[in-house]
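Notes follow once the structure below has been shown.
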Amino acid sequence: MARHTQLTQTPAIVTANAELAERLHKVWETEPGIKGFLGTVDHKEIGIRYIVTSFIFLLIGGVEALILRVQLAQPDLHVLSPEQYNQLFTMHGVSMIFLYAMPVLTGFSNYLWPLLLGARDTALPRVNALSYWLYLFSGLFIYASFFMGHAPNDGWFNYVPYANRQYNPGPNIDFYSLGMIFLGISTTVSSANFVVTAMRTRAAGMSINRIPILVWGTLTSSVANLLVIPAVSLAFFLLYLDRNYGTKFFQPQSGGQPLLWQHLFWIFAHPWVYAIVLPAMGMVSDGLPIFCRRPLVGYTLVALSTMATMAIGFGVWTHHMFATGMSDLALSFFSGVSIIIAVPSAVAVFAWIATIWTGRPVFTAAFHFFAGMIALFVIGGVSGFMTGSVPVDWQLTDTYFVVAHLHYVLIGINVFPVVGAIYMWFPKVTGKFLDERLGKLNFWLMFVGFNLAFFPMHISGLLGMPRRIYTYPHDVGWSAWNLITSIGAFLFAIGVLLLFHNIAVSLRRGKHAGANPWDGGTLEWAIPSPPPPYNFVVLPTVAGRHPLWEDRLDDAPGRSRLDTGLALDKGRQMLGTSVVDAEPAVILQMPFDSYAPFTLAVGTTIIFVGMLYRSWPGMAAGAIITGIALLLWLWPGRLREGSPEAANEPPFAEPDHV
Amino acid sequence: MSAPLNYLTSHGARADMILPLTRGVLIISIIVILIVCGLLAAAIFRRRPVEAPGADPRGLLFRPRGGLTFVYVGVGISTLVLVATTIWTMKTLADVVSPPREAKLTIEVTGHQWWWEARYFSEKPAEIFTTANEIHIPAGEPVRFKLIGGDVIHSFWVPALAGKTDTIPGQTNITWLQAERPGVYRGQCTEYCGKQHANMAFFVVADEPARFEEWRQKQIAPAAPSADVAQGLSAFQTRCGACHTVRGTPAGGKVGPDLTHVMSRGTIAAGTLPNTPGHLTGWIANPQGVKPGNHMPQIDMSGADLNAIRTFLQTLG
């Protein structure tokens, strides 16, 4: 919601200097105290909050998984009641898929994007703050059910009719339905922010063939989210109406359609799976070149394959439904697409291997995680290819083979790159290295633990163990494999704890890291660690994909300019550029800290609590608070407040629109 | 160790058609993993020419050529394998759509929380009968299954004979299967359906055709309880009759499994317990202890009543 002014005259171009830096610091610094805490719009602060919050959900989801693994370690155990097991496996899935996997990537992209793009913030900072608060409150909303003993109990896929009130009378599914609609708002606004940021706030000269792959990944995911979240929000809203206001959308005895749910859910959830791995694949594509000492092999192919994966990914959702009795024509089509979608993934894998092969790997902890990810990606990829073949899938589906597959994909392609990214960018964020020796131990514990836990699941799956069972008999041949899985799960958990230990230790005693500890080539490594609130003293002009490497690689037509550029110091300002070529187009007047996003999120929370209790006064109260927050947000002329320097400057031309 | 639900072996025409594809894609997958992980390891550990002895590799940068060839060759080969697999898949899919010859027998299976109802169709209305959790079929003959969802979605799966087909309320799914040889093939619900999803097994029992016909005639016949178990019958009617049917007696409930010939089945509670007098008594006395959350209520009854009911049930062969 930045206002902008057409660039009618060239603003001052200056060389970076301490006086300018000091001035920018005052303008961009988050206010201290409660106003700053609730009102900050700094993408770095919001990014860190996203990452920390998502890791807390990861920890909770991990503990849930360990409890499940205790119950399944041996046949016929009674650690959990069936209902407890069902609530735990549901919350495990919901926590990991919705409250960890996407938000952690949103956090990284939030933190890193403006640094990678040479900007001072994302395009819509208050929307960004709103997305975090909505995420936090929707997560707390869903987890409130847990502490009331009524957690969702129908799996993350939440199939009807079991989710209908007739079979599931408690508030469990209402928490989930409303929580998902709630979280969907957060993801939607955050995606909108990423799309605008990628399109309009790149550094001058960063044409679309010079964007880091992480940006391609998150941009692709964000576009997908905008397209598919309406489907799932609608589905959950219809279910909420069915359960609370007597509609019949999903009630077969009244002509409702159980399969309608599955279509609406999976047309969202399959693209979502790609959305929670593509940005992480981007981390690997951007990280490997640094540790292989060469640019990525096949940049254009990898960028295109990112988008191709998502485009094809819109046509594979029914491979979750091969056993529902679909027509043979539909089966053939979706089977074909589900197999062919492996082609763009193959592009990425071979590009990574070629990058390592032709490069000179530096065996840092981050490199371990990125290289390990490639192996796990291949294993998770081929098991996905197997499930794409319909007749085979009729056997594989809903067995532990699929549990193995999805964990190889989600942990392999999300968690491993994310941990690698932590080792790589922690020095940027904190100015301190994580301990590399601990980091390698961390990798091996996680890698061995992970494979010990999840590889045997392929075998218990091939031996016919169905998913989502709270116990199993002793005479079906699954006992030994389950025991190994449970042991591996704990080993993996110890590996994850070691990461937390490393972070805790390194925050206090970490080795000092300079601006560019790994000799990286992209813009984030050009600024101090940790970055100042304004990121760049002068806005950089970019001539290639690796502004910091171009002197040595000589791969850019001209030279990037990082120490001289636009100052843009009249209040919070940054540069808006054109979509394709990133030519300077407008000066963006960015917002200051504001209570509006927080208040809006609180109002929205009250609406959802009102809906949960079917309380019209509650919903009305929430709507009024939301309305007030929106008024506060959209009130004209607030952008330049709080900037004493800016107040003395001649005003800019009237903004043409908001 | 025996694994009755494994699907890397098959015992029937439908599973036979799919098995080569299953094994094929599994082998392709293992080969792909070995090749690609081998390449990855080689890429990481291969010896590199020393260009600047003693130099810290971190300071160096390279822009070697040739990396793209890797991508083109790798993706080219992958694409060929993927296309070939797609064609093989289509071929197999076309093959399994219908049985090798027309099925004479149709069985309607309804998935319930948490048991299976099987209704045997016949052109003669008097020969239609219902049983539960143990589905007999004639060996060597294709059998058609009409699958119906009784409450929530379940999935009908007998891995040795065929892949899964869901039972979905509001729609009828059709599948077929065939057992080559007589035998007992374990089945299991594989769509999550609530608290006792784990304990929702069943058995497909393939008999020689003559034995199957014998079994069928026996199932068609109503129960004929003798006078010695009159007390048990009366207790059954009051305690259990609202939910369970025993044909030939006034007990006609439709909520739970038909028990007319319960003693002909090898297990009770949907494959959860072997059908022995002790387990039967335990199940009647304490169904919530055996399958917590299932829909069979815990009914307070005297030991005498319990024994009488058990004795009555034991006559239902």
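Exactly one condition in (1) touching a helix residue (DSSP H, G or I) at 6+ places or on another chain (Cβ under 6 Å); (2) within 30 Å of A:H78 (Cα to Cα); (3) among the hydrophobic types (A, V, I, L, M, F, W, C) is not met by B:C240; state its number.
(1)
To keep it simple, each residue is scored yes or no on (1) in a strand (DSSP E or B); (2) farther than 19 Å from B:R211 by Cβ; (3) more than 14 Å from chain A (Cβ to nearest Cβ).
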position	(1), (2), (3)
B:A118	yes, no, yes
B:E123	no, yes, yes
B:H136	yes, no, yes
B:V152	no, yes, no
B:S155	yes, yes, no
B:T165	yes, yes, no
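Please go through segment B:9-18 and pick out each residue that is surrounded by fewer than 23 Cβ atoms within 10 Å (Cβ to Cβ), touching a Ser or Thr at 6+ places or on another chain (Cβ under 7 Å) and either facing chain A (nearest Cβ under 9 Å) or of a type in the set (G, A, S) (or both).
Selection gives B:M17 alone.
Is one or more of the residues making up segment B:126-147 of a type outside the set (V, I, T) and either at positive phi or touching a His at 6+ places or on another chain (Cβ under 8 Å) (or both)?
Scanning segment B:126-147 turns up at least one residue that is of a type outside the set (V, I, T) and either at positive phi or touching a His at 6+ places or on another chain (Cβ under 8 Å) (or both).
Condition first: under 17 Å from the mean Cα position of the chain (by Cα) and either closer than 30 Å to B:L21 by Cα or without any contact (Cβ under 8 Å) to a residue 60 or more places away in the chain (or both). Now tell me which residues in segment B:85-115 satisfy that.
Those that are under 17 Å from the mean Cα position of the chain (by Cα) and either closer than 30 Å to B:L21 by Cα or without any contact (Cβ under 8 Å) to a residue 60 or more places away in the chain (or both): B:I107, B:E108, B:V109, B:T110, B:G111, B:H112.
Among the candidates A:A330, A:A280, A:A303, single out the residue that is more than 9 Å from chain B (Cβ to nearest Cβ), of a type in the set (G, A, S), part of a helix (DSSP H, G or I) and surrounded by fewer than 22 Cβ atoms within 10 Å (Cβ to Cβ).
Step by step, each of A:A330, A:A280, A:A303 is checked, and only A:A330 is more than 9 Å from chain B (Cβ to nearest Cβ), of a type in the set (G, A, S), part of a helix (DSSP H, G or I) and surrounded by fewer than 22 Cβ atoms within 10 Å (Cβ to Cβ).
Across segment A:544-574, what is the number of residues that are farther than 20 Å from A:W525 by Cβ and touching a Leu at 6+ places or on another chain (Cβ under 9 Å)?
The total comes to 7.
Is it the case that some residue within segment A:126-149 is assigned to a loop (DSSP other than H, G, I, E, B) and surrounded by 21 or more Cβ atoms within 10 Å (Cβ to Cβ)?
No, because not a single residue in segment A:126-149 is assigned to a loop (DSSP other than H, G, I, E, B) and surrounded by 21 or more Cβ atoms within 10 Å (Cβ to Cβ).
Residues of segment A:343-378 being touching a Phe, Trp or Tyr at 6+ places or on another chain (Cβ under 9 Å), at the interface with chain B (Cβ under 7 Å from one of its Cβ atoms), closer than 30 Å to A:W266 by Cβ and surrounded by fewer than 23 Cβ atoms within 10 Å (Cβ to Cβ), which ones?
A:A375
Output the residue which, of all residues in segment A:512-560 that are part of a helix (DSSP H, G or I) and at pLDDT 95 or above, is nearest to the other protein chains (Cβ to nearest Cβ). Full working, then the answer.
Here is the first cut: in segment A:512-560, the ones part of a helix (DSSP H, G or I) are A:523-526, A:550-553.
Now restrict to residues that are at pLDDT 95 or above: A:523-526.
Details: A:L523: 17, A:E524: 17, A:W525: 13, A:A526: 16 Å.
Among those that are part of a helix (DSSP H, G or I) and at pLDDT 95 or above, it is A:W525.
When the residues of segment B:201-245 are filtered to those that are touching a residue at least 60 places away in the same chain (Cβ under 8 Å) and β-branched (V, I, T), which remaining residue is farthest from B:K291 (Cα to Cα)?
Step by step, filter segment B:201-245, then rank; the result is B:I220.
State the number of residues belonging to segment B:222-255 that are part of a helix (DSSP H, G or I) and of a type in the set (V, I, T).
Residues that pass the stated criteria total 2.
Does segment A:110-122 contain any residue that is within 13 Å of another protein chain (Cβ to nearest Cβ) and either assigned to a helix (DSSP H, G or I) or touching a strand residue (DSSP E or B) at 6+ places or on another chain (Cβ under 9 Å) (or both)? Write out each step before concluding.
The initial filter retains those residues of segment A:110-122 that are within 13 Å of another protein chain (Cβ to nearest Cβ), namely none.
Within segment A:110-122 (the criterion being within 13 Å of another protein chain (Cβ to nearest Cβ) and either assigned to a helix (DSSP H, G or I) or touching a strand residue (DSSP E or B) at 6+ places or on another chain (Cβ under 9 Å) (or both)), the answer is no, since none of the residues qualifies.
Tally the residues that are within 14 Å of another protein chain (Cβ to nearest Cβ), in a loop (DSSP other than H, G, I, E, B) and not hydrophobic (A, V, I, L, M, F, W, C), restricting the search to segment B:262-303.
8
Quick check: is even one residue across segment A:284-292 in contact with a Pro (Cβ under 8 Å, 6 or more places away or on another chain), of a type in the set (V, I, T), at pLDDT 95 or above and surrounded by 24 or more Cβ atoms within 10 Å (Cβ to Cβ)?
yes
Scan segment A:151-167 for residues that are touching a Phe, Trp or Tyr at 6+ places or on another chain (Cβ under 8 Å) and in contact (Cβ under 8 Å) with a residue 60 or more places away in the chain and jot them down. Walk me through it before giving the result.
Going through segment A:151-167, the residues touching a Phe, Trp or Tyr at 6+ places or on another chain (Cβ under 8 Å) turn out to be A:151-152, A:154-164.
Correct list: A:A151, A:P152, A:D154, A:G155, A:W156, A:F157, A:N158, A:Y159, A:V160, A:P161, A:A163, A:N164.
Looking for something out of contact with any helix residue (DSSP H, G or I) (no Cβ under 7 Å at 6 or more places or on another chain), among the hydroxyl-bearing types (S, T, Y), surrounded by fewer than 21 Cβ atoms within 10 Å (Cβ to Cβ) and within 22 Å of A:S335 (Cα to Cα) - is there at least one such residue anywhere in segment B:154-167?
So far as segment B:154-167 goes, no, none of its residues is out of contact with any helix residue (DSSP H, G or I) (no Cβ under 7 Å at 6 or more places or on another chain), among the hydroxyl-bearing types (S, T, Y), surrounded by fewer than 21 Cβ atoms within 10 Å (Cβ to Cβ) and within 22 Å of A:S335 (Cα to Cα).
Kindly establish whether B:T190 is among the β-branched types (V, I, T), part of a loop (DSSP other than H, G, I, E, B) and either within 11 Å of another protein chain (Cβ to nearest Cβ) or more than 19 Å from A:Q395 (Cα to Cα) (or both).
Yes; evaluated as a whole, the condition is true for this residue.
Kindly provide the set of residues from segment A:380-398 that are among the β-branched types (V, I, T), at the interface with chain B (Cβ under 7 Å from one of its Cβ atoms) and under 29 Å from the mean Cα position of the chain (by Cα), ordered by number.
Start the filter on segment A:380-398 by keeping residues that are among the β-branched types (V, I, T), which leaves A:382, A:387, A:390, A:392, A:397.
When the remaining residues are screened for being at the interface with chain B (Cβ under 7 Å from one of its Cβ atoms), the result is A:382, A:390, A:392, A:397.
Those that are among the β-branched types (V, I, T), at the interface with chain B (Cβ under 7 Å from one of its Cβ atoms) and under 29 Å from the mean Cα position of the chain (by Cα): A:V382, A:T397.
The values are calculated or read from the model by the stated rules, or taken from the named source; none is laboratory data. All of these numbers come straight from a predicted model, not from anything done at the bench. In this analysis, Cβ positions are derived from the backbone assuming ideal geometry, glycine residues included, and neighbour counts consider all displayed protein chains.
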